[in-house]
Amino acid sequence: MKFVPRTGEQKRSPLRMRTRLTLSHIFVGLVSILLILVFASLAVLQAARNAVEDQLVSLAIASSQALSEPLQDFISAEISIDDLQVTAASLWKETPDIHYTIFLTDGSPILDSHAGLAATEGNNPPELFQLLQAEGSSTLLSRPNEGGTRSLFVAVSFEGQTLGVMSLETPPETALPTARRYLFGLLFFSLLVIVGVSALSVLLARRESAPLEQLAVSAGRMASGDLNFRAQVEGHKETHFVANALNIQTSRLQSSLNELRTFVASASHELRTPLTTVKLRAEALRTGALQDPTVSDRFLTEIEDEIDRLSRMVNDLLDLSRIEAEMDTNQHTALNLGKIAAEVGDVFKARADEAGIQIKIKIEPDLPVILGDEEQLWRVLMNLMDNAFNYVPRGGCITMSLTSIGTAVHLEVHDTGPGIASEDIPYLFQRFYRTDITRQHSSRSKGSGLGLAMCKAIIENHGGKIGVDSQLGEGSIFWVELPAQAA
């Protein structure tokens, strides 16, 4: 069968597979990086806010200590409110975003950095009075506000006496510059990682898909009919396993096709011979041989013999197909193979006496019982004995022996025939195979050419083995081993 490459489909499919692998790797990498980026960003932002709050606490404590004496002077009327405001402003000149308010012990505000005092009056926070009532036991309170801000309240004391309370508030934007710097660095690093992951994904996808591409091309060639082609794949153990399995299946398919071709050719030849004989004899009868009773009777007998041969061949083919399909395995029972061998020997003794051939049957006492189909095993022994009988000359000998070897029953059929050439032995159990010796003895052999093939199928169906040992001029030994039934 000529191989016609299907290049379009085979080139597109691996490309799509490689693209899918690449995109899947990139997608997984991007999702992972984005998740890490989100959580890292939240962690960086929270860390920046915590840093700002820690700075605010330190600044609040330091400011309360710095304002204690000026506030005492203001209460004593030694300085004016403007002087106090100048002093407070100098403390937070480097942090203009901080909103601070100073309250006296009666809760009245005296300074506010962002709003007028009118907006502050009447809106005294509860933390103010908590600090005033604590009387020195607590000097700092914190409160989260709406919008993400946080307020700190610190008591301002002078020589152990609480003079007032200062509140500090920082907007959420204060933490953004620091967080932004870290986030930009994190984003840049993430982009580098994405580029690296993408490049690595392409390399991995190419590495993973290359063996599959080779496998797809190999499968395409095999599917197109090039059964001589074998997959050669470099890659992981799994792809080697698949390639090896594909090669094994292709080899089996090729072997099956070769066997089918051989079987068709052999069967055609085996069928043609009797059909030709029937046709020639029928034509002879039609053209005048029917008028001669002696000739017509001989021709009719030959026609009947050939038809019987065809019937046996068809029946043997059907039986062989059933045996190879293991359709009769449910008929296995416990059997004594020695009893079957003795009965088969008795059948051939009458023919042997007439042909001048000696038959010997040697059966070991107390043979183990085997599990099998009696009719099929009877056929095996009959075929082996008949095969030996057809090739042993007058004065020859056929010996059938049964012994036990370990957990198996061993059968041998030894004949003193012409033997078998070594190059023919591997093919003896194929359907319709005939050796040169077989052709020379075709006048004595009227079989279907399926006997040994059927023996092999039956023995293997029983879990046993069958073989032959032979040399030209020294006879042949056909042997069978069948497992004994477990005790």
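The values are calculated or read from the model by the stated rules, or taken from the named source; none is laboratory data. Quick caveat: nothing in here was measured; it's all calculated off a predicted structure. Every residue, glycine among them, receives a Cβ derived from its backbone with ideal geometry; neighbour counts consider all protein chains shown. Keep in mind that these areas ignore ligands, DNA and RNA; they rest on the heavy atoms of the full protein, side chains included. Shrake-Rupley method; radii C 1.70, N 1.55, O 1.52, S 1.80 Å.
Listing for the model above:
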{"quantity": "Mean-position separation - Cα centroids, the stretch 84-109 and the stretch 364-421, in angstrom", "calculated": "120"}
{"quantity": "Lysine-lysine proximity count for the chain, Cα under 22 Å, sequence distance 8 or more or distinct chains", "calculated": "13"}
{"quantity": "Of all accessible heavy-atom area on the chain, the percent that carbon and sulfur account for (1.4 Å)", "calculated": "57"}
{"quantity": "√(5λ) per eigenvalue of the Cα gyration tensor, the stretch 273-349, largest first, Å", "calculated": "40, 18, 7"}
{"quantity": "Cα-based helix-to-principal-axis angle, 451-461 vs the chain, degrees rounded to 10", "calculated": "40"}
{"quantity": "Computed FRET value (nearest 0.05) for ARG20 with GLU259, which takes r as the C-beta separation and R₀ as 25 Å", "calculated": "0.05"}
{"quantity": "Other-chain or far-sequence residues with amide H under 5 Å of SER151's (modelled H)", "calculated": "ARG143, ASN145"}
{"quantity": "Pairwise FRET efficiency - ALA40 versus GLN161, Cβ, R0 = 45 Å, nearest 0.05", "calculated": "0.40"}
{"quantity": "Inter-label distance for ARG286 and GLU69, nm, one decimal - labels placed 7 Å from Cα along Cα-to-Cβ", "calculated": "14.6"}
{"quantity": "Added length on full extension, which subtracts the Cα-Cα distance from 0.36 nm per residue, ASP297 to ALA223", "calculated": "21.0 nm"}
{"quantity": "Accessible surface of ILE26 - all protein chains present, 1.4 Å probe, nearest 10 Å²", "calculated": "40"}
{"quantity": "In sequence order, calculated HN-Hα J values of the stretch 92-107 (Karplus, 6.51, -1.76, 1.60; Hz; x Gly/Pro)", "calculated": "10, 5, 8, 10, x, 6, 6, 9, 10, 9, 10, 10, 7, 5, 8, x"}
{"quantity": "Exposure of HIS414 as accessible area (Å², to 10), given a probe of 1.4 Å and all protein chains", "calculated": "80"}
{"quantity": "Cα-centre dipole for the chain with unit charges at Cβ (Lys and Arg positive, Asp and Glu negative), debye to 20", "calculated": "3080"}
{"quantity": "Rounded to 5, percent antiparallel among DSSP beta bridges of the chain", "calculated": "90"}
{"quantity": "Cα-based helix-to-principal-axis angle, 293-324 vs the chain, degrees rounded to 10", "calculated": "20"}
{"quantity": "Potential lengthening between ASP346 and THR333 on full extension [0.36 nm per residue; Cα-Cα distance subtracted]", "calculated": "2.3 nm"}
{"quantity": "Angle between the chain longest axis and helix 7-75 axis [Cα atoms, degrees, rounded to 10]", "calculated": "20"}
{"quantity": "Relative contact order (percent, whole number), the chain, Cα cutoff 8 Å, 6+ residue spacing", "calculated": "11"}
{"quantity": "Per-residue ³J(HN,Hα) for the stretch 362-369, Karplus 6.51 cos²θ - 1.76 cosθ + 1.60, θ = phi - 60°, Hz, x for Gly and Pro", "calculated": "10, 10, 5, x, 6, 5, x, 7"}
